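Student: Provided herewith is a single structure, encoded as structure tokens, for subsequent inquiry.
The values are calculated or read from the model by the stated rules, or taken from the named source; none is laboratory data. Predicted, not measured: the structure shown is a model, and the values here were computed from it. Every residue, glycine as well, gets a Cβ built from its backbone with ideal geometry; the counts of neighbours run over all protein chains shown.
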């Protein structure tokens with residue numbers, strides 16, 4: 001056997017092995033790209049649900065505020081009627097509604113401030 005035959009005989013298995021590894025690498029890359037696309041789609045769906053949840057919570061907060069405002073207006077209107085005998089329950093309920101409204105406002109302000117501070121820290 002001459003040298004060229006030996007070189008050719010040795011290079012065929014190497015070329016075949018290299019080709020197999022190239023196929024495996026291509027398969028891995030395709031799978032990684034597919035998984036990345038799936039992750040991006042899942043993240044998009046999660047972000048969309050989060051936006052809907054935030055919008056829903058805002059609607060609930062606005063509804064609670066509207067209900068409290070309506071209750072306060074009704075209680076004050078009833079208090080102004082001369083023939084209506086308001087007992088302590090109405091006064092206590094009105095005071096409680098005002099207290100809850102202010103607690104909610106303070107809580108939301110506190111959360112907004114924390115959010116602003118966290119965004120500032122992340123930006124720096």
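Student: Report, by residue number, each residue of the stretch 83-94 that is over 11 Å from residue 71 (Cα atoms) and either modelled with pLDDT under 85 or surrounded by 11 or more Cβ atoms within 10 Å (Cβ to Cβ) (or both). Explain how you work it out, then say what you get.
Tutor: So in the stretch 83-94, the residues over 11 Å from residue 71 (Cα atoms) come out as 83-89, 91-92.
Within the stretch 83-94, 83, 84, 85, 86, 87, 88, 89, 91 qualify.
Student: Continuing with the same structure: List the residue pairs whose Cβ atoms are under 8 Å apart, where the first residue sits in the stretch 104-116 and is closer than 17 Å to residue 65 by Cβ, the second is part of a helix (DSSP H, G or I), and the two are 6 or more positions apart or on different chains.
Tutor: 104/61; 104/64; 104/65; 108/61
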